[in-house]
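Input: one structure, supplied below.
The values are calculated or read from the model by the stated rules, or taken from the named source; none is laboratory data. Computed from a predicted model, the values in this text were never measured in an experiment. Methodologically, a virtual Cβ is constructed for each residue, glycine included, from the backbone with ideal geometry; neighbour enumeration extends over all protein chains shown.
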Amino acid sequence: MIGSYLKTARRNLMHNKLFSFINIVGLAISMSVGLLLIAFLLDLHSYDRFHEHGDRIYRITSVVTVNRDRGKFATTSVKTGKLIREKVPGIEDVAILRNDFSGDATVGDDLIPIKGFWAEPSLFRIFTFPMLEGNPNSALNDPYSIVLTETAARKLFGNQSALGKAIRFDTLAYRVTGVMKDVPFFSHLQFEALVSLSTAEQLNRNDNNFYNWTNVASNFVYLRLPTDADMTSIQSQLDAIARVENLAEANTKIQLELLPLYETVVGEKFRPSEGGPGFVGPHMSPRTLWILGGLALVVILSACFNYTNLSMARAMRRFKEVGLRKAIGAEKSQIRQQFLAESIMIALAALVLSFLLFLILRPLLINLAPEMQRTVKLELTSTMVVAFIVFSTTVGAIAGFMPALFFSKVSAISALRNVATVKVFKHMTLRRMLVVVQYTLTLIFITTTAIGYVQYKNLLAFDLGFNTENILNIRMQGNKPDAFQKKLSEMPEVAALSRSLIVTSVGNAWGGYMKYKDSRDSALVMTNHVDENYMALHEYKLIAGGNFMARPTTSKAATEVIVNQQFLKRFTIGNNDPQKAIGEKVTFSNFGGTRRLTIVGVMNDFHYGKLDNLIGPVAFLHWTPEDPTVINAKIRSTDMLATKAKIESAWKELDRVHPFRAEFYDEAIEEAYSEFSTLINIIGFLAFLAISIASMGLFGMVAYTTETRLKEIGIRKVMGASSGNLIYLLSRGFLVQLSIAALIALPITYLFFENVVLTRFPYHTPVQVAELFVGLLAVWLLAFILIGSQTMKAAKRNPTEVLKSE
C-alpha cells in the first residue's frame, strides 16, 4: 500500500512539474529558516549541559530595593554565600566567585593578559571542569594559588609543565597549583584562570565593604542541591536570611532567589550592577526567541499555504482520480494517506535543497553580529540531523493536511463538482482566504522591516544632549594615560583631549546611591568620572555653576560633583532652581566607600543610558589617576581611518601587549543598538523570503487560472476585447485579495509598533504613513508584473489556435 502511495505521488509530481517546482522551492526556502532556528535553539539549550550535576546547580540572584528603586541582579554578596553555607542545611555544596580578576601575567620577559575569576575550591565539586594536573580539591585552598586552563598554560609556559611555576601580576607572585581542560564553548562561565578567593579576601582585608550584605557587585554564588531537595524549604530559609540581614539596613532591602543553571543563558535579563554587567556569558531572552520562532513559523506557513492553494487549484484535475478511487472502494483514510504521502515526499525533497541553503546561510547568520559569534556555532550534530528530518516530515504533514482532508470528503457522485464552490466565509472561497492570509503576513513582514529600519536610523541620529561627532574613545587598558595623551596632543589631527571612566549612552553603567538632607531617602544615581576638559569637548551645556576646579589625585579627594536637572528634581534641591543648588552637599556611596560631595555645577539633562531608558539622575565626579581610563580624542581630519591608524601606531610604541581598543563614538552608539539592527536584518531577510514564496505561489495560481481560462480569453478576444481588458479581467480578483490583505495588515502593524515595540523607547518618533505604504506599493507592483506577464502571454495567443477544437 505504501509503495502504491509513493508511486502515485511520484507520477503526480512529475506530471505537474511547475507546481511541484514551486512547492519544493517554496518549502525549501521556508524550511531553511526553520533549520537555522532549530540549530540556533539546540545550540542555546546546549549551554552547561556537560556538567554532571547540571540539573541540580542553581545560582543565587538578588532583588534589590532601595527606596522606590527596584532591580533584579544576577550577582549577590560574598556574605550571602557564606551565610548559606552556615545556615541552610541540606545543600550539597556552595561556591562563591568574583568576576573582577584580570591583569597582565609576567613570566620571564613576557607580558600576557589573563582574565578569570576569584573562586573557591568547591567550584570543582559543583561544576564539571576536569583537572589535567594538580588536585582539584586543594588547588584553590591557599592564597595566591592559580589554576590555568590548558590553553592559558601553553600561552604562558609553552610545552613545559606549568604546575608549581610562578606568575607575577603587578608586584604579587602567584603559584600555579593546577591545569584544567579548556572551558567548553557552551559554558556560560568563560575564563582562562581561576585564582583562590582567599587571595581576594587578603587583598581586601582592610575594605569593610567587601563582606557587606549590600555589596552585590561582581559576586556570584552557586549551589548544588541534592536530588530530593525541597525547593520550598530552601527558598524559605533564604527568605529568613534576607529578613535578618535587612534589619540592619535602613534603605536597602534584598531578596534572594534561586535560578536554575539551565536558565542562565535562555532566561530573564538582569540589571547591570554597579560598575559591572548583570550577568556573565551570553544571554538570550525567551521573548526574543518567541519572536524569532513566530517569524520563522509565519514563513513556513506561507509555503504551506502555497501548497494548499496550488493543490486546491488543481482540484478539478484530481477530482476524477479521487472519484474513481472512491468508486472502486477506497476509504477516506486511504485518500488522506495518499495526499499526505505526496506532501511529505515534497517536504523531504525540499529538505535536501533547504539543507544546502542552510549551509549557505549559516555563516551569514553567525557573522551578523559579534555577539552571535560568541554565542552559537550551528555545527551539524546527530541530534540536529534527526531534528531536521522530524521537522521536514511535520512540515509536509501540515502542508498536506488540508488538501488531504478536503479530498477525502469528496464523494464519487460529486467528483465533477468545482472545488471553487466550497465556501469558508460568505462570498469567499477557501483558496481566496488563504491568499489573503498569506499576503497579510507578507505585508506585515515588509512593513515591519520598513518601520523598524526608519526607527533604527532615528535612534542613531537622536539628539543625546551632547556632541559625539568625530570623537575617538581609546581604552587605556591599565596603562597610565599621561605619556600617551602627550603623544596625541602633538598630533595636528587631534583638536582636543579629555579623560573619562566610561563611555556613556552605549549601555555602560556606573553609579552608586546618593542622599541629600534626609538620611532615609537615597536613590540610585548613574555616574561618570570625567576630567575638567570632558564637558567642553563633548559640548555639554552648563545651566548653573561651573566646571571642576580642583585636581584631585585620589578618589577620596574628589569632592566636587556636577549634576543634571533630574538629579535636582529627584531630591528637590533648591526647589529645582539650578542656581540655588550650587554649593549644596550630598552623600555618595558605592563599592568604593562613602564621601561627601559639593555640587559645583548643574547641566542640562542628557541620555546617559540607551534610548530605551528614561532620563534619570546623573552625576559627574572628577576623574582621578586611580580610575580606569578612556581617553576621548576630538579628531579633525579629512581621512579618519588614516588618523586612527596613526594613533594606533603610537599605541603600539606604548604597549606591545594589549591590542589597540578604540572606536569612534558614533560607531559605539551603532554597536549599542546592534541587537535591534540584527533583528531588523533578520526580519528583512524573512520578509524577502516571505514575498518570494508568496510571489511564487501567486505565479502558480495565475498560471493555472490563465491556463484554465484560455478558451474564455480566446472568445473575448474574438468579440473585440483588448489586452488591457483581459489583464483587468484576470487580475481583478487577485488585486482585490491583495487590497483586503492590506486593510488587515497595515492597521495590525501600526498598532503593534505603537502599542508594543515602540513603548520600549520613550523617545521614539511616530510611525509615518510612507513607512506603512512602501511595502504595499512594492507588493502591488510585483503582483501586477506577475499577473500582467501571464495575462499578456495568454492575450497574445491566436484565438484560432485556442478554439480550433471547439
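Tell me which residues, restricted to segment 508-524, are crowded, with 18+ Cβ neighbours inside 10 Å and in a loop (DSSP other than H, G, I, E, B).
Hits for segment 508-524 are Asn508, Ala509, Trp510, Tyr516.
Hey, among Ser102, Ser122, Ser138, which residue is closer than 22 Å to Leu189 by Cα and more than 37 Å from the chain's Cα centre (by Cα)? Steps first, answer last, please.
Details: Ser102 fails: more than 37 Å from the chain's Cα centre (by Cα); Ser122 fails: more than 37 Å from the chain's Cα centre (by Cα).
Going through Ser102, Ser122, Ser138 in turn, just one is closer than 22 Å to Leu189 by Cα and more than 37 Å from the chain's Cα centre (by Cα): Ser138.
Residue-by-condition table, conditions (1) surrounded by fewer than 19 Cβ atoms within 10 Å (Cβ to Cβ); (2) acidic (Asp, Glu); (3) closer than 30 Å to Asp43 by Cβ:
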residue	(1), (2), (3)
Ile167	no, no, no
Phe185	yes, no, yes
Phe191	no, no, yes
Asn212	yes, no, no
Tyr222	no, no, yes
Asp228	yes, yes, no
Ile241	no, no, no
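Of the residues Leu738, Leu729, only one is assigned to a helix (DSSP H, G or I), touching a helix residue (DSSP H, G or I) at 6+ places or on another chain (Cβ under 7 Å), among the hydrophobic types (A, V, I, L, M, F, W, C) and surrounded by 13 or more Cβ atoms within 10 Å (Cβ to Cβ); which?
Leu738
Pairs needed: first member in segment 257-286, hydroxyl-bearing (Ser, Thr, Tyr) and part of a loop (DSSP other than H, G, I, E, B); second member anywhere, at pLDDT 80 or above and surrounded by fewer than 20 Cβ atoms within 10 Å (Cβ to Cβ); C-beta distance under 6 Å; at least 6 residues apart or different chains.
Short answer, once both residue conditions are applied: Thr264/His188.
If you don't mind, another one. Give just the number: which of (1) closer than 22 Å to Val435 by Cβ; (2) modelled with pLDDT of 85 or more; (3) not polar (S, T, N, Q) does Met792 not satisfy?
Going through the list (1) closer than 22 Å to Val435 by Cβ; (2) modelled with pLDDT of 85 or more; (3) not polar (S, T, N, Q), Met792 breaks only (2).
In addition: Which pairs have Cβ atoms under 8 Å, sit 6 or more apart or on different chains, and link a residue in segment 122-137 that is farther than 14 Å from Val176 by Cα to one that is hydroxyl-bearing (Ser, Thr, Tyr)?
Within 8 Å, the pairs are Leu123/Tyr222; Ile126/Tyr222; Phe127/Tyr222.
Out of everything in segment 92-112 that is touching a Pro at 6+ places or on another chain (Cβ under 8 Å) and not polar (S, T, N, Q), what residue ends up being nearest to Lys165 (Cα to Cα)?
The selected residue is Ala105.
Just give me the residues in segment 555-607 being assigned to a strand (DSSP E or B), charged (D, E, K, R) and under 18 Å from Asp518 (Cα atoms), in sequence order. Show your work before the answer.
Applying the first criterion (assigned to a strand (DSSP E or B)) to segment 555-607 yields 560-564, 585-590, 593-603.
With the extra rule that they be charged (D, E, K, R), the set shrinks to 560, 585, 595-596.
Lys585, Arg595, Arg596, listed by residue number.
Take Ala296 and decide whether it is at pLDDT 60 or above, within 16 Å of the chain's Cα centre (by Cα), in a helix (DSSP H, G or I) and not acidic (Asp, Glu).
yes
State yes or no: is Leu611 among the hydrophobic types (A, V, I, L, M, F, W, C), at pLDDT below 95 and either part of a helix (DSSP H, G or I) or under 28 Å from Leu758 (Cα atoms) (or both)?
Yes; evaluated as a whole, the condition is true for this residue.
Within segment 455-495, count every residue that is buried (at least 16 other Cβ atoms within 10 Å of the Cβ), over 30 Å from Ala105 (Cα atoms) and in contact with a helix residue (DSSP H, G or I) (Cβ under 6 Å, 6 or more places away or on another chain).
Count: 6.
Can you work out which of the residues in segment 525-554 that are of a type in the set (S, T, N, Q) and outside any loop (DSSP other than H, G, I, E, B) is farthest from Asn613 (Cα to Cα)?
So in segment 525-554, the residues of a type in the set (S, T, N, Q) come out as 527-528, 533, 547, 553-554.
Then drop every residue that is not outside any loop (DSSP other than H, G, I, E, B), which leaves 527-528.
Values: Thr527: 15, Asn528: 17 Å.
Filtering segment 525-554 for residues that are of a type in the set (S, T, N, Q) and outside any loop (DSSP other than H, G, I, E, B), the one farthest from Asn613 (Cα to Cα) comes out as Asn528.
Is it the case that some residue within segment 680-688 is among the polar types (S, T, N, Q), part of a helix (DSSP H, G or I) and in the same structural domain as Leu295 (by TED's automatic domain parsing)? Give the steps one after another, and end with the answer.
Quick first cut of segment 680-688, residues among the polar types (S, T, N, Q) only: 681.
Restricting the remaining residues to those that are part of a helix (DSSP H, G or I) gives 681.
Then drop every residue that is not in the same structural domain as Leu295 (by TED's automatic domain parsing), which leaves 681.
Yes, because at least one residue in segment 680-688 is among the polar types (S, T, N, Q), part of a helix (DSSP H, G or I) and in the same structural domain as Leu295 (by TED's automatic domain parsing).
Tell me, which helices (runs of 4 or more DSSP H) wholly within segment 51-165 include 1 or more residues that are in the same structural domain as Leu524 (by TED's automatic domain parsing) and on the phi > 0 side of the Ramachandran plot?
none
Per-residue answers, yes or no, for (1) buried (at least 21 other Cβ atoms within 10 Å of the Cβ); (2) touching a His at 6+ places or on another chain (Cβ under 9 Å); (3) β-branched (Val, Ile, Thr):
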{"site": "Met526", "(1), (2), (3)": "yes, no, no"}
{"site": "Val530", "(1), (2), (3)": "yes, yes, yes"}
{"site": "Thr553", "(1), (2), (3)": "no, no, yes"}
{"site": "Phe571", "(1), (2), (3)": "yes, no, no"}
{"site": "Asp577", "(1), (2), (3)": "no, no, no"}
{"site": "Ala581", "(1), (2), (3)": "yes, no, no"}
{"site": "Lys585", "(1), (2), (3)": "no, no, no"}
{"site": "Phe588", "(1), (2), (3)": "yes, no, no"}
{"site": "Arg596", "(1), (2), (3)": "no, no, no"}
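Here is a yes/no grid of residues against (1) touching a His at 6+ places or on another chain (Cβ under 7 Å); (2) surrounded by fewer than 15 Cβ atoms within 10 Å (Cβ to Cβ); (3) charged (D, E, K, R):
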residue	(1), (2), (3)
Ser62	no, no, no
Thr76	no, no, no
Asn99	no, no, no
Ser102	no, no, no
Pro113	yes, no, no
Trp118	no, no, no
Arg125	no, no, yes
Pro136	no, no, no
Leu148	no, no, no
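Is there any pair linking a residue in segment 725-753 that is modelled with pLDDT of 90 or more to one that is loosely packed, with under 15 Cβ neighbours inside 10 Å and part of a helix (DSSP H, G or I), with Cβ under 9 Å and at least six apart or on different chains, and which?
none
Now, a different point. In this structure, is Ser649 modelled with pLDDT under 85 and either small (Gly, Ala, Ser) or surrounded by 21 or more Cβ atoms within 10 Å (Cβ to Cβ) (or both)?
no
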